Every structure is written in C-alpha cells, then in structure tokens.
Amino acid sequence: MSESQFTGSVPRLYDACYAPAVFVPFAPVTARAVADGEPTHVLEVAAGTGRATVAIAAALPCSRIVATDISDDMLTYAAGHRCAPNITWRLADAQELPFPDASFDVVACQFGAMFFPDRPRAYTEARRVLRPGGRLVLTIWDAVEHHAYARLTTVVLRRLFPDDPPRFAEQVPHGYHDTAQIERDLRAGGFDRVQVARETVVGRSRSARDVATGQITGTPLGAHISARDPALIPRVVDEVTDAFRAELADPERGPDAVAGELTAYVVTAH
C-alpha cells in the first residue's frame with residue numbers, strides 16, 4: 001500500500017475536515033521560514049491541497065511559487081481551491097524533479113518529507129534545483145505523542161485492534177522525528193549546514209467529529225483500517241470523536257469545539 005497516494009475522496013476530506021485543525025496552524029510557520037530573505041523563485045514539493053502554498057504566496061506576493069505534488073487528485077483539488085496569481089501548479093515527484101539545475105532560491109516542503117521513499121535522493125534533487133546560496137525548508141512532525149489528535153487516535157486504534165493496530169500515523173507522518181537522522185539524510189543529499197527549530201502550535205476546530213472524520217477517512221489511515229475490517233470505520237470515527245471531546249474540549253469556542261497542541265520541527269538546510 002503506497003502511503004503517497006492520496007486519491008479519490010481523500011483530498012476533499014483531508015482538506016475540509018483535517019487540514020483546518022492540523023495543517024493550517026503550521027502554514028504561517030512554514031511561510032515565515034520560506035520568506036526569510038525574500039526569495040523570488042520558490043518551489044514547493046508535496047504541496048498537497050495547497051494550505052501552506054497560499055500562506056507562502058501571501059508572504060511573498062511578488063515572488064513566483066511553483067507548487068508540485070505526486071498525486072494528480074491532490075493537485076487538481078489544490079488548483080481548484082487555492083488560487084493566487086503568483087502560484088503555478090505542476091505534477092511532479094520530489095525524487096525526480098522536472099526542473100533545470102539552479103532554478104529556485106528556496107525549496108519548501110510542509111509535512112511531505114516523511115512520505116518520500118528515498119529521502120536522500122529527494123534532498124539531492126532539491127539541492128540540484130537550488131541556486132547557489134539557496135535553502136531547503138522542511139516542516140516535519142515530531143513523534144505521535146506530541147500531536148494531540150494523532151496521539152488520541154492511536155490510543156483508540158490500539159484498543160479496538162489489540163492484536164494488530166494500524167500504525168500508519170506512528171510509522172509514516174510521525175515516523176521521521178529523529179533529528180539526527182534528518183540531518184544525516186540532508187548531508188547525504190549534499191547540504192552542509194542544517195538548522196532545526198522545534199515549534200508547537202494549537203490546532204483548533206469547531207467540530208471534534210470533523211477532525212476525527214478527516215484523521216480516519218482523509219488520510220491513508222482509513223485504508224489501513226479497511227484492510228482489517230471496513231465495517232469498523234464508523235465505529236472508529238465515533239470513538240475517536242469521543243476521545244477528542246473528552247480530552248480536547250474547547251467550550252469557549254463552541255459546544256463541540258476542540259483544541260490540541262501540535263509539535264513539529266522546522267528544518268532549514270543550506
């Protein structure tokens with residue numbers, strides 16, 4: 001099962017239900033790191049539905065942003081919902097970029113590096129298309145224990161599937177949090193200087209069920225659950241929703257609102 005294929009209904013559910021609470025809060029963080037020094041040509045890889053893309057474009061209104069993703073469905077959704085005059089959308093594999101050498105000032109990737117099958121190869125490609133003095137900016141999730149929504153979802157899955165819990169969240173989006181390994185991979189890709197900053201934000205939603213629905217059906221996690229028992233998807237969504245309401249309730253924002261801390265690393269490589 002390929003973790004990089006976000007297809008069918010997944011992009012819509014990912015973007016509408018999960019992204020507002022989980023990816024949108026980090027978009028300004030990524031955009032600030034990318035905009036440092038006011039680069040004029042930016043490449044974003046693994047752009048997904050474009051939540052970070054529009055933040056980068058807004059931070060650099062006079063710059064050209066080329067946003068890419070390996071999933072045609074994700075890219076089509078992004079192009080239809082995230083509009084800005086300085087964004088160009090293009091289908092591309094981060095491990096085999098269709099751009100000439102020294103084309104960009106910055107290569108950016110928010111929460112995509114964890115999905116690359118060969119990270120040093122992807123970083124080598126980023127290094128190739130960067131101009132002299134250019135930067136690679138990565139935003140990468142910390143361990144699952146430091147992401148309120150993923151942590152509680154993992155607890156529910158371990159209870160419902162005690163013998164064989166789906167471990168997608170632990171192994172893929174939250175499976176690349178060893179900063180020493182990240183630095184080794186970047187150096188293998190040709191980067192000499194690596195800076196790592198740990199950032200924590202609060203991800204909010206007015207609907208606990210929306211976040212649960214997005215976490216289960218808007219990511220490949222749903223396919224992992226279905227491989228065990230597709231009939232359990234509604235129950236998983238219900239129990240994850242209950243877990244969010246019990247621990248992450250944010251009553252000042254609404255009767256079903258939730259808020260959870262999310263931690264990630266912002267990595268800059270030269």
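Derivation of every value follows stated rules applied to the coordinates shown; laboratory data play no part. What you see is a predicted model, and the numbers here were worked out from it, not measured in a lab. Glycine also receives a Cβ, built like all others from the backbone with ideal geometry; neighbour counts cover every protein chain displayed.
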Multiplying the sequence separation of Thr88 and Thr7 by 0.36 nm and subtracting their Cα-Cα distance, what value in nm do you get?
27.1 nm
Roughly what % antiparallel, to the nearest 5, for the DSSP beta bridges in the chain?
55 percent
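Per residue of the chain, what 222 nm ellipticity follows from adding -39500 (n - 2.57) for every DSSP H run with n ≥ 4, rounded to the nearest 500? Don't skip to the answer; put the middle values down first.
Numbers: 12 runs with 108 residues, N = 270.
Counting only the DSSP helices, I get -11500 deg cm²/dmol.
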Rounded to the nearest whole number, the Stokes-Einstein translational diffusion coefficient of region 78-172 at 37 °C and 0.692 mPa s (Kirkwood radius, C-alpha pairs) in µm²/s is 205 µm²/s
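Over the Cα atoms of the chain, Rg to Rh with Kirkwood Rh, two decimal places? Mind dumping the intermediate values first?
Values: Rg = 18.1 Å, Rh = 18.7 Å.
Answer for the chain: 0.97.
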Among bridges DSSP assigns within region 1-143, what percent are antiparallel (round to 5)?
5 percent
Give the distance, in whole Å, between the Cα centre of region 80-150 and the Cα centre of region 165-211.
13 Å
If contacts are Cα pairs under 8 angstrom and at least 6 residues apart, what is the relative contact order of the chain in percent?
23 percent
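In terms of the ratio Rg/(2.2 N^0.38 Å) built on C-alpha atoms, what value belongs to region 46-134? Present the calculation step by step, with values, prior to reporting the outcome.
Values: Rg = 12.5 Å, N = 89, 2.2 N^0.38 = 12.1 Å.
Cα Rg divided by the expected 2.2 N^0.38 Å: 1.03.
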Give the residues of region 123-142 whose amide nitrogen is closer than 20 Å to a point set 7 Å from the Cα of Arg32 in the direction of its Cβ.
135-142
